[in-house]
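I am attaching a structure below and will ask some questions about it afterwards.
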Amino acid sequence: MPYVRSGAATVHFVTSDIPGPTLVLTHGFLMDESMFEPMREPLAVAGINLVTIDARCHGRTQSPDGEPFTYWDMAADTLSVMDELGIEKAVIGGMSQGGYTALRLALLAPERVRGLALIDTDAGACTADEFDFYRTFFDRWCSAEPMAPLVAELAPLLVGGNDPRLWRAWTSRWYSSDRQSIMPAVRCLLERRSLLHRLPEIGAPTLVIRGSQDGSSSAHKNAAMAAGLVNADGVVTIPGAGQGAAWTHPEVLAPLLIRLVRRAAARPANPLTHVLAHPWPQERAAAEIHIAR
């Protein structure tokens, strides 16, 4: 299986390994890169190379037990995967925490980003109510409390959709997982900082998508994020979907992503504009990663 070293992590990824423009996607909380598998074939038919990555504390990616990290670190993980595959530029996207990572990558290395696909995510920090909810829920998750009520609460929120049969692939993994191992990712989620004030720095073509049933990335949050991005055309809502639209509604999401990749690939580069708008990106990004930690 393909892995690459990135800082303290050994990052697992899967590539369609076909010629053509590349779309890199990172999954949401308590999922893994396989959540995008239902879209791999239709994207390949459209000539798009799909690269999917397991986030830290998820899937087959390995990192030292308990070691803290940020979404800036996970953005660097994505760049390490791209470097390993020899991919200079790609459309970068993700669901929920994968979107937090994609936004930071667009600031960290804008010259590597052809476009952004932001799926059921937002650019803000945790609100006080969200902080309390997540902290309470994951304290329960990491305790000896029986899993069944937690799974029943989580599946419709996280996977979404209206068909419980689609939840089973994930609920079975949750039952067999090491419940304590998720805590560094929980701290990363709770401690993330808002990027709303920095959104105007991102000029890549951007698609903002949310499922109509997503109670976390609300319509208000998505509208605020889209309004702050200079090259986003509002918010596309997928009726009946929750956060896991890639799993439950791939026939709707895949065509949207295909259009974004084609739009981004056809967009002419303007190096002078980039240099004037983003002087010394690597030095600035390094400072921001230090501050974020």
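The values are calculated or read from the model by the stated rules, or taken from the named source; none is laboratory data. This is a predicted model, so every value here is computed, not measured. Neighbour counts are summed over all protein chains in view; Cβ atoms, including those assigned to glycine, are modelled from backbone coordinates with ideal geometry. SASA here: full protein model, heavy atoms, side chains in, ligands and nucleic acids out. Shrake-Rupley method; radii C 1.70, N 1.55, O 1.52, S 1.80 Å.
Within the stretch 146-161, is even one residue touching a Ser or Thr at 6+ places or on another chain (Cβ under 9 Å) and among the β-branched types (Val, Ile, Thr)?
yes
List every residue pair whose Cβ atoms sit under 6 Å apart, with the two residues 6 or more apart in sequence or on different chains, where the first one lies in the stretch 149-168 and is within 17 Å of Asp32 (Cα to Cα) and the second, anywhere, is at pLDDT 90 or above and open to solvent by 40 Å² or more (accessible area, probe 1.4 Å).
Ala155/Trp167; Val159/Trp167; Gly160/Gln213
Of the conditions (1) farther than 28 Å from Thr237 by Cα; (2) open to solvent by 70 Å² or more (accessible area, probe 1.4 Å); (3) part of a helix (DSSP H, G or I), Arg165 fails just one. Which one is it?
(1)
Pick from Val186, Val208, Val236: which is closer than 19 Å to Ala117 by Cβ, among the β-branched types (Val, Ile, Thr) and either assigned to a helix (DSSP H, G or I) or open to solvent by less than 20 Å² (accessible area, probe 1.4 Å) (or both)?
Val208
Could you please tell me which pairs satisfy a Cβ distance under 8 Å, a separation of 6+ or placement on different chains, a first residue in the stretch 134-146 that is touching a residue at least 40 places away in the same chain (Cβ under 8 Å), and a second residue that is part of a loop (DSSP other than H, G, I, E, B)?
Tyr134/Cys126
Restricting attention to the stretch 17-29, report how many residues are surrounded by 23 or more Cβ atoms within 10 Å (Cβ to Cβ) and either without any contact (Cβ under 8 Å) to a residue 24 or more places away in the chain or of a type outside the set (S, T, N, Q) (or both).
Result for the stretch 17-29: 5.
Yes/no per residue for (1) touching a Phe, Trp or Tyr at 6+ places or on another chain (Cβ under 6 Å); (2) at pLDDT 95 or above; (3) part of a loop (DSSP other than H, G, I, E, B); (4) not polar (S, T, N, Q):
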| position | (1), (2), (3), (4) |
| --- | --- |
| Phe13 | no, yes, no, yes |
| Leu25 | yes, yes, no, yes |
| Gly28 | no, yes, yes, yes |
| Pro42 | no, yes, no, yes |
| Ala55 | no, yes, yes, yes |
| Arg60 | no, yes, yes, yes |
| Asp73 | no, yes, no, yes |
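Could you figure out which of (1) closer than 24 Å to Ala246 by Cα; (2) more than 23 Å from the chain's Cα centre (by Cα); (3) not hydroxyl-bearing (Ser, Thr, Tyr) isn't true of Met147?
The one condition Met147 does not meet is (1).
Looking at this structure, is Thr273 modelled with pLDDT of 95 or more and hydroxyl-bearing (Ser, Thr, Tyr)?
no
Restricting attention to the stretch 82-135, which residues are under 21 Å from Ala219 (Cα atoms), touching a His at 6+ places or on another chain (Cβ under 9 Å) and assigned to a helix (DSSP H, G or I)?
Gln97, Gly98
Only one of (1) modelled with pLDDT of 95 or more; (2) surrounded by fewer than 20 Cβ atoms within 10 Å (Cβ to Cβ) is not met by Ala246, so which one is it?
Of (1) modelled with pLDDT of 95 or more; (2) surrounded by fewer than 20 Cβ atoms within 10 Å (Cβ to Cβ), only one is false for Ala246: (2).
Quick check on Ser181: is it out of contact with any strand residue (DSSP E or B) (no Cβ under 8 Å at 6 or more places or on another chain), in a loop (DSSP other than H, G, I, E, B) and at pLDDT below 95?
Judged against the criteria, Ser181 is not a match.
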